Amino acid sequence: MTGVDFAVLGRESVSSRDELATLLRDTRAQAVRLCGSGSSFDRLPPPRQPVCLVSLAALNRIERLDAADLTCSVEPGVTRAQLDAELARHKVALPCPGDGTIGGLLARGEHQPLAPGASAARNIVLGLEGVLTDGTKFKTGARVVKSVAGFDVHRAFVGSRGRLFAATLLHLKLRPAPAARLVFAQRLDASEPAFAQFRMLRLLPATPSELFLQRERNGTFVVTGVIEGAREHVDAQQRTLRLALADREPRLTVVHDDGEEVLEGVVQPSALPRLLATLPGTAPFVATGTGQFQVALSPPRVDEILNLVATLPGGCAEIRRGTAARRGKCTPLDDGAARLERDLRAALDRRGLLQ
């Protein structure tokens, strides 16, 4: 486990739901941080006090995979690579981006849909089994798609960062693996033609499943993405749009230098040109087809852009990578959202144990 830059009082690992329930119920620690492999430590705000790290990495079984029903049930420690390999054998796929463990991927909640009409992490969680901090075991949602079982508490897990409850089994919605897949990249020298290409692809009747606009440090723009579907559709799109093949998979990730921070946020796609125009010309930048973005900047400039993003339509942002003292600094929360977060935590983690 690497990347720990906060105070740790102890480390525990569990391999079953019962073991986790006992540990949480009986722990004498004042604060706990749930984790998988630890790959998210440098992307999330540090805990506000010293914590006991509780690893769920050993909960790593694919319990059920029903390819005909397009559903599966996995423990949170299953890695994305492990799950993708098994799904590929059955010609199905998990329709959302992300890496690390499945539990960490969902708890981080980093990714909105990468293009209009694409899937989001919140939409693939059908239900789960979990444990509250007093040791209470519970179930929410269902294993199947067509269900109206109870409240959608399972959807609150996405983006919770492990601060509401521990998920021990996740029921997920799958999709058929596409028959054909094209990863494309168009390099352009200026922002105007790049945004024109980006907008055109966003407004296609059949949009790409992934769409990105990148600006490299040298000022070059790249419009890149993925088109999936029947072989005839993918071939026709490539011919009609004259798309060049990419040499690597696109990702919502910028490379930052020492002393830089990575700011991640979202604005309405129509506000992306204004946002980009305020950034230094050498700042690496990437945005998705739904307005999510990342940019690498020095700390003083990050503070300026945080203030700007708060004024843009649909704008919010957070420091995702940086020092422990800075990571998690964000635009102000909406009062209603802040109250809902407080109420959820008070209801689901009455001990205030999870950090």
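The values are calculated or read from the model by the stated rules, or taken from the named source; none is laboratory data. Small disclaimer: the values here were computed from a predicted structure and weren't measured. Cβ atoms come from the backbone with ideal geometry, glycine included; neighbour counts cover every protein chain shown. In case anyone asks, the SASA skips ligands and DNA or RNA and just uses the protein heavy atoms, side chains included. Shrake-Rupley method; radii C 1.70, N 1.55, O 1.52, S 1.80 Å.
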*Classify region 77-122 as rounded, prolate or oblate from the Cα gyration tensor: take a ≥ b ≥ c as the square roots of its eigenvalues, call it rounded if a/c is under 1.5, otherwise prolate when a/b beats b/c and oblate if not.*
oblate
*Euclidean distance of C-alpha centroids, region 312-330 and region 141-209, integer Å*: 22 Å
_Residue-span extension gain [Leu203 to Phe138] - 0.36 nm each, minus C-alpha spacing_ = 19.1 nm
*Give the value in nm², to one decimal: projected area of the alpha carbon convex hull of region 193-313, averaged over all directions.*
7.8 nm²
_Value of relative contact order over the chain, rounded to a whole percent, pairs C-alpha under 8 Å and six or more apart_ = 16 percent
*In vacuo Debye scattering of region 247-355, one point per C-alpha: log10 I(q)/I(0) at q = 0.11, 0.13, 0.22 Å⁻¹?*
-0.41, -0.55, -1.17
*Round to the nearest 0.05 the FRET efficiency obtained for Ser15 and Ala337 when R0 = 35 Å and r is the Cβ-Cβ distance.*
0.45
*For Ala120 and Ala81, what does the FRET efficiency come to when R0 = 25 Å and r is the distance between their Cβ atoms, rounded to the nearest 0.05?*
0.75
*Once region 101-146 is represented by equal point scatterers at the alpha-carbon sites, with solvent omitted, what log10 I(q)/I(0) does the Debye formula produce at q = 0.20, 0.21 Å⁻¹?*
-0.81, -0.87
*So what's the convex hull volume per residue for the Cα atoms of region 302-355, in Å³?*
95 Å³
*When only DSSP loop residues count, what trypsin sites (Lys or Arg not before Pro) in region 76-158 have their Cβ near at most 14 other Cβ atoms within 10 Å?*
Lys91, Lys146
_Separation between Cα centres of region 242-309 and region 53-94, rounded to whole Å_ = 31 Å
*Do any trypsin sites (Lys or Arg not before Pro) in region 167-265 lie in a loop, going by DSSP, with at most 12 other beta-carbon atoms within 10 Å of their beta carbon, and if so which?*
Arg242, Arg248
_For Cα pairs less than 8 Å apart in space and 6+ apart in sequence, what is the mean separation divided by the residue count of region 213-355, i.e. the relative contact order in percent?_
23 percent
*Tilt of helix 17-26 relative to the longest C-alpha principal axis of the chain, in degrees (0 to 90, nearest 10)?*
70 degrees
*nm² value of the averaged projected area, convex hull over the Cα atoms of region 130-199*: 8.7 nm²
*Lysine pairs in the chain with alpha-carbon atoms under 23 Å apart, 8 or more places apart or on different chains: how many are there?*
5
*Heavy-atom accessible surface of the chain: percent carbon and sulfur, 1.4 Å*: 51 percent
_Rg(Cα) / (2.2 N^0.38 Å) computed for region 22-153, rounded to two decimals_ = 1.13
*Semi-axes of the equivalent ellipsoid of the chain: what are they in whole Å, largest first, if each equals the square root of 5 times a C-alpha gyration tensor eigenvalue?*
34, 27, 17
*asked:* Starting from the 7 Å offset along Cα-to-Cβ, what nm value, one decimal, do you get for the label separation of Thr22 and Gln49?
replied: 2.6 nm
*asked:* If I fit a long axis through the Cα atoms of helix 299-309 and take the longest principal axis of the Cα atoms of the chain, what angle between them do I get, 0 to 90°, rounded to 10?
replied: 80 degrees
_Förster radius 51 Å - calculated FRET efficiency between Glu232 and Arg350, Cβ distance, rounded to 0.05_ = 0.35
*chymotrypsin sites (Phe, Trp or Tyr not before Pro) lying in DSSP loop within region 125-224, provided at most 10 other Cβ fall within 10 Å*: Phe151
*Where does region 27-91 land on Rg/Rh, using Cα atoms and the Kirkwood Rh?*
1.12
*Estimated [θ] at 222 nm from DSSP helical runs (n ≥ 4, -39500 (n - 2.57)) normalised by residues in the chain, nearest 500*: -7000 deg cm²/dmol
*Would you mind checking the tilt of helix 335-348 against the longest principal axis of the Cα atoms of the chain, expressed as 0 to 90 degrees and rounded to 10?*
30 degrees
*Could you grab the relative contact order for region 98-229? Cα pairs under 8 Å, six or more apart, rounded to a whole percent.*
24 percent
*If you put +1 on each Lys and Arg Cβ and -1 on each Asp and Glu Cβ, how big is the dipole of the chain around its Cα centre, in Debye rounded to 20?*
500 debye
*Give me the accessible area per residue for the chain, probe 1.4 Å, as a whole number in Å².*
46 Å²
*Send over the per residue convex hull volume for region 66-215, Cα only, as a whole number of Å³.*
135 Å³
*asked:* Under a crude label model (7 Å from the Cα following the beta-carbon direction), how far is Val255 from Ala177 in nanometres?
replied: 3.0 nm
